[in-house]
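Engineer: The structure follows.
The values are calculated or read from the model by the stated rules, or taken from the named source; none is laboratory data. Bear in mind the structure is a predicted one, so any value in this text is a computation, not a measurement. Here Cβ is always computed from backbone atoms with ideal geometry, including for glycine, and neighbour counts include all displayed protein chains. Note: accessible area is taken over every heavy atom of the protein model, side chains too, but ligands, DNA and RNA are not part of it. Shrake-Rupley method; radii C 1.70, N 1.55, O 1.52, S 1.80 Å.
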Amino acid sequence: MRQIPVDTSGATVMVAQPPQLKLRDKKTGQVAVDNETGNNLMTVDVLFVMNGNAEVVSVTVAEPDVSGELTTGTPVALTGLVARPWENEFNGQKRHGLSFRAVAVTSLAAKAG
């Protein structure tokens, strides 16, 4: 699968919504797991601000790699962030977009204080 590295060095990144378990199936409540480690996956919505533009993106990360108190507004570092293009077909409609995955999401609040 193609992955595109995302450079966050010139951006301000903060938590928009605290981490939540990522569901593989919303109807059954089945939690998504990492294929390699078996760890539960989490999604963290972050506000990505760069060059006067702001956007909220959902980042997937393995549960053990979410560190620190991540509440709304907490500045964070996104280690190993990549964008992955995706495409699927549902009910005859083609859909496509980008998903984001990070090796780790780490609170920077302790470092600032």
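Engineer: If I take R0 = 30 Å and measure r between the Cβ atoms of Leu21 and Ala83 in this structure, what FRET efficiency does the formula 1/(1 + (r/R0)^6) give, to the nearest 0.05?
Structural biologist: Step by step, r from the Cβ atoms, then E = 0.85.
Engineer: Here is a follow-up. Compute the relative contact order of the chain as a whole-number percentage, counting only Cα pairs closer than 8 Å that sit 6 or more residues apart in sequence.
Structural biologist: After rounding, I find 28 percent.
Engineer: Report the percentage of all Cα-Cα pairs in segment 73-113 whose separation exceeds 13 Å, rounded to a whole percent.
Structural biologist: Tail fraction, whole percent: 65.
Engineer: At 0.36 nm per residue, minus the direct Cα-Cα distance, what do Val49 and Ala104 gain on full extension? Give it in nm, one decimal, please.
Structural biologist: 17.9 nm
Engineer: Then there is this: For Phe48, Phe90, give me the order by solvent-accessible area with a 1.4 Å probe, most accessible first, ignoring ligands, DNA and RNA.
Structural biologist: Reading off the accessible areas and sorting them downward yields Phe90, Phe48.
Engineer: Can you tell which of Gln17, Gln93, Gln30 shows the greatest fluctuation in a Gaussian network model of the chain with Cα springs below 10 Å?
Structural biologist: Among Gln17, Gln93, Gln30, the largest GNM mean-square fluctuation belongs to Gln93.
Engineer: Mark the label point 7 Å from the Cα of Thr12 along Cα→Cβ and return the residues of segment 65-99 whose backbone N is within less than 18 Å of it.
Structural biologist: 71-78
Engineer: Would you mind computing the Rg to Rh ratio of segment 31-82 from its alpha-carbon coordinates, Kirkwood style for Rh?
Structural biologist: So for segment 31-82, dividing Rg by the Kirkwood Rh gives 1.00.
Engineer: While we're here: Can you tell me the Rg and the Dmax, both Å, for the Cα atoms in segment 14-58?
Structural biologist: For segment 14-58, the Cα-based Rg and Dmax read 13.5, 41 Å.
Engineer: If you build the Cα gyration tensor of the chain and take the root of 5 times each eigenvalue, what three semi-axes come out, in whole angstrom, biggest first?
Structural biologist: Three semi-axes, in Å: 24, 18, 13.
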